[in-house]
Structures are given as structure tokens and as C-alpha cells.
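Asker: For reference, the structure I am asking about is given below.
Each reported figure results from applying straightforward, stated rules to the coordinates on display, with no laboratory input. Note that the structure is a prediction, hence the values are computed from the model and not measured. Note that each Cβ is placed from the backbone with ideal geometry, even for glycine, and that neighbours are counted across all protein chains shown.
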Amino acid sequence: MKSLAELEAIRKATINRINLRTEKDNDTIRVVVGMATCGIAAGARPVMLAFMDEIAKRQLSNVTVSQTGCIGMCRLEPMVDVIVPGKEKVTYVHVHPEMVGRIVAEHIVNGRPVAEYTIGAAEKE
Amino acid sequence: MKEIALHLLDIVQNSVTAGASHVDIRFDLDPDGVLTMAVKDDGKGMSPELLERVRSPFVTTRTTRKVGLGIPLLQQNAMLSGGGVTLESEVGKGTLIQARFNTASIDCLPVGDLAQTMATIILGSPEKPEFSLTCTSPAGETTFSTEEVRAVLGPEVPLTEPSVIQWIGESLKEEIEPILGGIMR
């Protein structure tokens, strides 16, 4: 690896932010991406990394991204759940990396789910 | 699946589910253009009976459904290129799955974005197991391991930190390109 020094710099830059974060763990927003065979085949990998990029860009420290398996609605993959503490879970379907910026800006940052991307909107069609 | 790297992302989950502590991934391209992708884990392994049936799409260990397409789809794509899949497993020791691809075949999938796949794998299982990736070709060799990264980060900074995941993706891309660049797209 050529740039372990770079990694050391990342460690130093993040360590303080991490200490701040653990004090208020209960307001963490969770982003859960479906990553079973169906999700992966439908394009979940770039979606997941798009969330990571957006979170890093905006330096959001109260958001975690994790993965889940197949929940039985493979035709709607890639699927993403956004879980804001105290609010109902919102499920986005057919998510593409280009949609991630809007979900992060409008839902995660500003608290307004993007209705047209949700499973409710998709199932109405 | 459109990339061999996506198959990797898929079947690595089997090793994680098997409770492995170490998962060693290899991509070896020989001078004749045969690419072998190997995933070796020290998980719970499979009985000879399960090993025999595991290529069937109607065999799975999950309890929610009766189908499992990870290995069958990998095998299909390997065979389309004139290659195949071999499996070795022993209960309590672990499993080795190897998929051979003949990269000269017009039906062979590209390797794809292996760096993105590794970043995603690590993000999915950031604490256990430890992952390593070794890529070899006539052009050279490169290795990467989460143990190495963890040693630099220390106990406070998790691998899931967005800037760490970005670093893993970007530095792996630089490392892998010179080795497997010719068959990645």
C-alpha cells in the first residue's frame, strides 16, 4: 500500500469527531441497503458507496450505513431504508446513485422524505 | 451479475455467515489468460452432503426462502467463459471456493470494480472477519488486508468511517489497476 501515511492523517482527523459522537448516540440516523444476491445484481453496490460519499462530503457524523439481506421484494431492488429515530421507517425502491444526493439532502439533512422515490409511490403505479 | 467483482460481493457473504474470522480473496491471472478467483475462509465449513448439493439453486441455508442463487449464478458465468467452479470444504475447518474464467472468451465477464466491491464488503462486516485481497498477474502482484488498515487506525476509529471507506476504495483502485487493468472493463 502506497499511502498508509494518508490513512494515519485520516485517523487523526476523525478521532475527535468520533469522541463527540458517542455522547449522543440515540439520535443516529440509519441507512440500510439491501445487499443480497438480488440487491447486488440490481445495482446496490454503487448506491451504498454513493451514500458513503455523500455522508463524507457533508461530514454528517450522526448517520450510519449498513447492509441487510433479501427481504423478499427482489423486483423493487435496490432498496434502501432510512430510519430516523422517533419517525416511521421510510423505504426507497429502485434506488440509483443519482437519487442518493436528493435523499441525503432532503430526508437525512432536512427531515422531509422524498415521496416520489418511496415504496408507496412505486406500488401505486 | 455484470461483473466478476459483483459475484465476489455476493459469495463473500457466505463466508461471513459461516462465522469466519479470516477471509482470504485472490485474483490470479495466469499468462494464458485464465483468471482464478478464490475465496478461502475459516468458517464452519460444509458437510460432504451439503457440499454436493450446494450448486443447486434450490439449496440454501437461509430459513426465509427455499432458493439461493449466489453459487449457481457464479457457476453459470464461469462456465459460459469455458471455466468452472470448484469447492472444497470441511466441517469445522472452512471452505475454499474457486471460480475459473477464461478471459479470452467473448462471453467472459469483466472483473469490474474490485475496489468498490472490497469497500462494500468491509462496510458490510466491519468488525469480523478480517479480509485480505491478493491480486497477481504477469504484470505484478499486490496485497491488501483489513488487519493492516486496522493496525494504523487503532481502536478508536472504525473501518466504517466514511473517509476510511473512501480511502480503501481509492487506494485499492490504484493498486489493482496496473495488475488486472487489462481485464477489468
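Asker: Where does each of B:Leu159, B:Leu9 land when they are ranked from fewest to most other beta-carbon atoms within 10 angstrom?
Answerer: With the fewest neighbours first, B:Leu159, B:Leu9 line up as B:Leu159, B:Leu9.
Asker: In addition: Output the antiparallel fraction of DSSP beta bridges having both residues in the protein assembly as shown, as a percent to the nearest 5.
Answerer: Just about 75 percent of them are antiparallel.
Asker: Hey, another quick one. Check which residues have an amide H placed less than 5 Å from B:Ser105's amide H, if you skip close sequence neighbours.
Answerer: none
Asker: Follow-up. How many times 2.2 N^0.38 Å is the alpha carbon radius of gyration of chain B?
Answerer: So chain B has a normalised radius of gyration of 1.02.
Asker: What does the helix-only formula give at 222 nm for the protein assembly as shown: each DSSP H stretch with n ≥ 4 adding -39500 (n - 2.57), the total divided by the residues, and the result rounded to the nearest 500 deg cm²/dmol?
Answerer: -12000 deg cm²/dmol
Asker: Something else: Can you tell me what share of the DSSP beta bridges in the stretch A:24-124 is antiparallel? A percent to the nearest 5 is fine.
Answerer: 55
Asker: Quick check: the angle from helix A:4-22's long axis to the longest principal axis of chain A, C-alpha only, nearest 10 degrees?
Answerer: 70
Asker: Using θ = phi - 60° and the Karplus relation 6.51 cos²θ - 1.76 cosθ + 1.60, list the HN-Hα couplings for the stretch A:52-62 in order, rounded to whole Hz, with x at every Gly or Pro.
Answerer: Couplings: 4, 4, 5, 5, 5, 4, 8, 6, 7, 9, 9 Hz.
Asker: Still on this structure, I have one more. Which pairs break 27 Å Cα to Cα here: B:Lys2/B:Lys93; A:Lys12/B:Lys2; B:Lys128/B:Lys173; A:Lys89/B:Lys173?
Answerer: Long pairs (Cα-Cα over 27 Å): B:Lys2/B:Lys93; A:Lys12/B:Lys2; A:Lys89/B:Lys173.
Asker: Let me ask you something else. Show me the three semi-axes of the equivalent ellipsoid for the stretch A:24-124, from the C-alpha gyration tensor (sqrt of 5 times each eigenvalue), largest first, rounded to whole Å.
Answerer: Each semi-axis is √(5λ); the values are 20, 15, 13 Å.
Asker: Another question, then. Which GluC sites (Glu not before Pro) in the stretch B:47-151 pass both tests, a DSSP loop state and at most 11 other beta-carbon atoms within 10 Å?
Answerer: B:Glu127
Asker: Given the C-alpha centroids of the stretch B:1-58 and the stretch B:67-144, what is the distance between them in whole angstrom?
Answerer: The distance from the Cα centre of the stretch B:1-58 to that of the stretch B:67-144 comes to 6 Å.
Asker: Please report the Cα spread of the protein assembly as shown along all three principal axes, rounded to whole Å, starting with the longest.
Answerer: Ordered largest first, the protein assembly as shown gives principal extents of 54, 50, 39 Å.
Asker: For B:Val91, which sequence-distant residues (separation of 5 or more, or a different chain) have an amide H within less than 5 Å of its own amide H, given hydrogens modelled in the peptide plane?
Answerer: B:Met46
Asker: Follow-up question, since we're still on this one. Compare the Cα positions of A:Tyr117, A:Gly101, A:Gln59 along the charge dipole of chain A (+1 at Cβ of Lys, Arg; -1 at Cβ of Asp, Glu; about the Cα centre) and return the one farthest towards the positive end.
Answerer: A:Gln59
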